[in-house]
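Read through the structure below, which is laid out as structure tokens, and then see the notes.
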Amino acid sequence: MEDLIQRAAEDLIKARYRIALTGAGISTESGIPDFRGPDGIWTKNPEAEMKAYELYNQFKADPKGYWEERLDPQGSISRLFSILGVIGEAQPNPGHHALAELEKMGILNCIITQNVDGLHQKAGSKNVIEYHGGINKFRCMVCNRRFGKDELNLEKIKMEGKLPPYCQCGGVIKDDGVFFGEPIPSDVLGRSQKEAWKCDLMLICGTSAVVYPFASLPEMANPATTIIEINAEPTPLTGRISDYLIQGKTGEILPKIAERVKKI
Ligand code: APR
């Protein structure tokens with residue numbers, strides 16, 4: 001393990017443009033369960049996963065009905081969102097802080113995360129692409145404009161019988177989080193692909209790499225790109241797309257890598 005940590009630090013120094021791809025695994029040490037691990041949200045709540053797969057079609061078919069159910073505290077959508085409720089109180093862990101530090105050192109150029117928890121930004125990372133959107137945000141389905149929680153008074157809109165909420169452009173507004181089956185917003189997709197093509201080193205941290213199109217980012221990287229996985233278990237990328245896997249906890253391994261980079 002120590003050799004691989006030293007190798008990763010040297011590879012980071014040698015590289016020219018380095019990005020990190022992260023998933024739910026980097027936030028488990030912050031108390032947020034992942035999805036498909038032994039204590040994963042979907043592993044523990046298969047019915048919630050079923051509901052999550054239905055959401056986008058439900059929204060498309062009847063945005064008004066979707067929002068009425070979404071704002072009903074007893075509704076199944078609220079129950080699903082409540083499972084994600086732990087996110088609100090969570091704080092970044094040493095894994096998030098190590099990536100923020102690598103950015104501050106001018107080593108890490110960008111983070112593309114599947115996580116909606118905002119913990120990279122809380123840790124101080126600046127250049128973060130939220131591939132699956134962010135909690136506490138809303139998005140226009142036409143112009144992609146994002147709205148903060150305090151920019152949209154949903155209860156007032158509901159009271160006035162004006163659901164679903166609309167953007168000035170006339171587009172319907174939805175939670176910013178990307179639902180299963182929903183296309184990745186074009187601005188996010190474009191930026192992410194550019195970063196994947198541009199980099200010559202990719203750190204992949206805490207993801208099972210089974211959800212597409214995110215899992216295609218390592219596949220579209222330049223063949224000369226060094227791809228390093230840091231994960232508790234091997235993934236479909238291991239030995240196929242990635243150059244090596246450092247198997248273990250991101251909250252323990254990433255700080256060690258940052259320390260080594262500082263020493264080199
Ligand atoms: N350190 C390293 N790896 C970890 C840690 C940890 N502390 N904790 C868990 N892991 C690993 C698990 O072993 C698993 O391989 O992280 C991976 C998490 O995988 P998933 O639960 O599938 O999460 P993720 O890959 O982010 O899921 C992708 O699926 O459900 C959707 O939209 C949701 O963004 C999510 C997407």
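The values are calculated or read from the model by the stated rules, or taken from the named source; none is laboratory data. Everything numeric in this text was worked out from a predicted model, so none of it was measured. Cβ: placed from backbone, ideal geometry, glycine included. Neighbour counts: every protein chain shown. When the accessible area is computed, the model is the full protein with side chains, heavy atoms only, and any ligands, DNA or RNA have been set aside. Shrake-Rupley method; radii C 1.70, N 1.55, O 1.52, S 1.80 Å.
Amide H contacts of ARG145: CYS140, each under 5 Å away and 5 or more positions distant or on a separate chain (H built 1.01 Å from N in the peptide plane; Pro and chain starts excluded). The Cα-based radius of gyration and maximum Cα-Cα distance (Dmax) for segment 91-184 are 16.0, 51 Å. Annotation: average projected area of segment 61-141 is 6.4 square nanometres, based on the convex hull of Cα atoms across all directions.
Antiparallel beta bridges, as assigned by DSSP with both residues in the chain, represent about 25 percent of the total such bridges.
Sequence-distant contacts, meaning Cα pairs under 8 Å at least 6 residues apart, place the relative contact order of the chain at 26 percent. When the GluC sites (Glu not before Pro) in segment 130-200 are filtered for DSSP coil states and for at most 14 other beta-carbon atoms within 10 Å of their beta-carbon, the remaining sites are GLU160.
Restricting to bridges with both residues inside segment 69-199, how much of the DSSP beta-bridge set is antiparallel, in percent to the nearest 5?
Working: 7 of 10 bridges.
Counting DSSP beta bridges with both partners in segment 69-199, the antiparallel share is about 70 percent.
Find the all-direction average of the projected area of the Cα convex hull for segment 40-80, expressing the result in square nanometres with one decimal place.
Details: hull surface 11.0 nm².
Over all viewing directions, segment 40-80 projects a mean Cα-hull area of 2.8 nm².
Residue by residue, segment 66-76 carries 3J(HN,Hα) couplings of 4, 5, 4, 6, 4, 8, 8, x, 8, x, 5 Hz when phi is fed to the Karplus relation 6.51 cos²θ - 1.76 cosθ + 1.60 (θ = phi - 60°); x denotes Gly or Pro.
First select every other residue whose beta carbon is under 14 angstrom from the beta carbon of ALA90; then total the charges, Lys and Arg +1, Asp and Glu -1.
Working: positive: LYS122; negative: GLU29, ASP34, GLU89, ASP117.
Local charge sum for ALA90: -3.
Taking every Cα-Cα distance in segment 14-86 and sorting them into 5 Å bins from zero, the calculated P(r) comes out as 3, 14, 19, 18, 14, 13, 8, 4, 3, 2, 1 percent.
Loop-located chymotrypsin sites (Phe, Trp or Tyr not before Pro) in segment 144-199 (DSSP state not H, G, I, E or B) with no more than 15 neighbouring Cβ atoms inside 10 Å: PHE180.
The Rg/Rh ratio of segment 204-259, with Rg taken over Cα atoms and Rh as the Kirkwood radius over Cα pairs, comes to 0.96.
Which value, in Å², gives the accessible area per residue of the chain when a 1.4 Å probe is used on the protein heavy atoms?
Working: 12330 Å² over 264 residues.
Normalised by residue count, the accessible surface of the chain is 47 Å².
Note on LYS156: lysines with a C-alpha under 28 Å away, same-chain residues under 8 apart excluded, are LYS51, LYS60, LYS64, LYS137, LYS174. Past the 23 angstrom mark, what percentage of all C-alpha to C-alpha distances in segment 1-149 do you count? Tail of P(r) above 23 Å: 47 percent of Cα pairs.
Taking one quarter of the surface of the convex hull spanned by the alpha-carbon atoms of the chain gives a direction-averaged projected area of 13.9 nm².
Would you please calculate the Kirkwood hydrodynamic radius of segment 139-264 over all C-alpha pairs and express it in Å, rounded to one decimal? Walk me through the numbers before you get to the answer.
Working: mean 1/r = 0.0567 Å⁻¹.
Hydrodynamic radius (Kirkwood, Cα only) of segment 139-264 equals 17.6 Å.
Using the Cβ of MET141 as centre and a radius below 15 Å, the other residues enclosed give a net charge of +3, where K and R count +1 and D and E count -1.
With the whole protein complex present, LEU245 retains an accessible surface near 30 Å², based on a 1.4 Å probe.
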